[in-house]
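Working notes for the structure below.
The values are calculated or read from the model by the stated rules, or taken from the named source; none is laboratory data. As the structure is a prediction and not an experimental result, all values here were calculated from the model. All Cβ positions, even for glycine, are placed from backbone atoms using ideal geometry, and neighbour counts span all protein chains on display. What goes into the accessible areas is simple: the full protein's heavy atoms, side chains included, and nothing from ligands, DNA or RNA. Shrake-Rupley method; radii C 1.70, N 1.55, O 1.52, S 1.80 Å.
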Amino acid sequence: MDWQVVLNNSSLLARGLTTSLELTLFAIAASLPVGCLLAIGRLSKQRWLSLFCASFVNVMRSNPLVLVLFWLIFLVPLIIGHRVPNLAAVSVAFVVFFSVYFSEIVRSGIQSVGRMQISAGLSTGLTRGQTMRHIVLPQAVRAMLPALTTQCIVVFQGSTVAYVVGYDELLHSSSMIAERTGRPVELYIATAAIYFLVSLAGSLLARRFETKRSRA
Amino acid sequence: MTAPIIQVRDVVLRYGDFTALDRVSLDVFEGEVIVVCGPSGSGKSTLLRCLNGLETFQEGEVIVDGENVATCRNLPALRRRIGMVFQHFELYPHMTVLQNLTLAPIKAQGLPRAEAERLAMDYLTRVGIADQAGKYPGLLSGGQQQRAAIARALTLQPRLMLFDEPTSALDPEMIFEVLQVMKNLAVLGMTMVVVTHEMGFAQEVADRVVFMDRGAVIETAPSAEFFASPKTPRARAFLKRILRIG
């Protein structure tokens, strides 16, 4: 083993990690709001709207992320007549794919708040909006936090899929270094360690939320 | 006597094929205490929820404090005049007891915080749990939680109070303290509609008893009369069953 090769290329790895984190942050920031809309749509009393959102969620959940990306790279160009830029393909795939998982978390969070809590709010003369804002959502967010944090870790790990289109995230960087230096074992161990550490930080954060919640 | 504060006329409420309320009519006068009893699933709670517009019914009309509930343009304003207490308290677990009481006065009534807190503390004192104001509901006993819920409804200074099985979720030793609070309210002249299986409370406090079965009002009678000689066989059978258990 020669760990020097990892140290020598640490700045490239760091750049890869930064790109991975940027991708992750973008994916979360874009798919969480979309997920909220999907969840609200699914809980809506409008039949067609909840049916549409439910179908979308179920179709997307049954596909692997790589396949969604392949659609955008290979199928969509056939339809629209020109190729989709890599960054756009990755972004759209991430938002479409992860918003579905976020929507399920948000939906179960809202549903975890008892319906009679809404009755209680309304019975004191609060409007529907005020009841949602002051009574339902604060409780829903508390219930969602652990699952949301876990899902964010999954997004981070899922960001490796950008590798497929040659996007310079962490895994792609390290595989290029591995090829160039002929030292795949050291580099993939180091890469695994980096993923492990970031994910560990995430789960520790999730656990903090969980203990906080059980204390309240 | 003046016009009733609650007028329910031939209300029909269906969930699909199931008829939850079947031509229900009821008048309640100011200052009256009405106990609604009957087997579970007989529509008692549904009737109560029609009175403040939490349920929508298909036929008939409900007029509360001079306003038609079904066509009311400003339900929140009407609901502020109708306090409601639930079986499982429904305190907001993420707020302290005091915040539970002041939320609606501040947000719905527009009272200044200090004024709302003064009112809230006043009612918490009346139900005997002023010392719990800063705690989260989860730390209170069931009886204390229900008293806090009653205080929350009272803080809006309602013209009438609805109780939906207020003691059904309580351990036996806590039922007494909640009933005591309700009796005090009745003595002070509050108009109350109480869905309950507490026949002792009905006998002692209620002016009239309404007996419901399968969505219909089977019998309405002054309390003493209802317990001494129920007119319908169904009410007789119900009383026999419940008094043997109770």
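Descriptive notes on the structure:
- Qualifying residue in the stretch B:194-213 (condition: under 25 Å from residue B:119 (Cβ atoms) and under 13 Å from the mean Cα position of the chain (by Cα)): yes
- Check on residue A:180, more than 18 Å from residue A:102 (Cβ to Cβ), open to solvent by 70 Å² or more (accessible area, probe 1.4 Å), at pLDDT 90 or above and within 14 Å of chain B (Cβ to nearest Cβ): no
- Residues being assigned to a strand (DSSP E or B), more than 14 Å from chain A (Cβ to nearest Cβ) and among the acidic types (Asp, Glu) - total across the stretch B:24-77: 3
- Complete set of residues in the stretch B:48-84 that are open to solvent by 50 Å² or more (accessible area, probe 1.4 Å), closer than 19 Å to residue B:109 by Cα and free of Cβ contacts under 8 Å to residues at least 60 places away in the same chain: B:67, B:73, B:74
- Just one of the listed residues (A:122, A:187) is free of Cβ contacts under 8 Å to residues at least 12 places away in the same chain, in contact with a Leu (Cβ under 9 Å, 6 or more places away or on another chain) and either hydrophobic (A, V, I, L, M, F, W, C) or closer than 30 Å to residue A:8 by Cβ (or both), namely A:122.
- Residue list for the stretch B:98-144, restricted to those being farther than 20 Å from residue B:167 by Cα, in contact with a Leu (Cβ under 8 Å, 6 or more places away or on another chain) and open to solvent by 40 Å² or more (accessible area, probe 1.4 Å): B:107, B:109, B:111, B:117, B:121, B:134
- Subset of the stretch A:118-147 [over 18 Å from residue B:137 (Cα atoms) and within 7 Å of chain B (Cβ to nearest Cβ)]: A:122, A:123, A:125, A:126, A:127, A:130
- Tally of residues being open to solvent by 10 Å² or more (accessible area, probe 1.4 Å) and within 11 Å of the chain's Cα centre (by Cα) across the stretch B:145-166: 2
- The single condition from (1) open to solvent by 20 Å² or more (accessible area, probe 1.4 Å); (2) more than 28 Å from residue B:109 (Cα to Cα); (3) away from chain B (no Cβ under 14 Å); (4) within 21 Å of the chain's Cα centre (by Cα) that residue A:169 fails is (1).
The rows are residues; the columns are (1) touching a Gly at 6+ places or on another chain (Cβ under 7 Å); (2) among the β-branched types (Val, Ile, Thr); (3) under 28 Å from residue B:75 (Cα atoms).
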site	(1), (2), (3)
B:132	no, no, no
B:145	no, no, yes
B:149	no, no, yes
B:152	no, no, yes
B:155	no, yes, yes
B:179	no, no, no
B:182	no, no, yes
B:201	no, no, no
B:204	no, no, no
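- Some residue of the stretch A:147-158 being open to solvent by 30 Å² or more (accessible area, probe 1.4 Å) and in contact with a His (Cβ under 8 Å, 6 or more places away or on another chain): no
- The condition of being closer than 25 Å to residue A:53 by Cβ, more than 25 Å from the chain's Cα centre (by Cα) and open to solvent by 30 Å² or more (accessible area, probe 1.4 Å) holds for only one of A:142, A:107, A:133, A:115, that being A:115.
- Hits in the stretch A:182-201 (condition: closer than 17 Å to residue A:169 by Cβ and of a type in the set (A, V, I, L, M, F, W, C)): A:187, A:190, A:192, A:193, A:194, A:196, A:197, A:198
- Residue B:235 being in a helix (DSSP H, G or I), among the aliphatic types (A, V, I, L, M) and open to solvent by less than 10 Å² (accessible area, probe 1.4 Å): yes
- Qualifying residue in the stretch B:113-127 (condition: assigned to a loop (DSSP other than H, G, I, E, B) and either within 21 Å of residue A:130 (Cβ to Cβ) or within 11 Å of another protein chain (Cβ to nearest Cβ) (or both)): no
- Out of B:193, B:210, sole residue that is crowded, with 21+ Cβ neighbours inside 10 Å, in contact (Cβ under 8 Å) with a residue 40 or more places away in the chain and out of contact with any helix residue (DSSP H, G or I) (no Cβ under 8 Å at 6 or more places or on another chain): B:210
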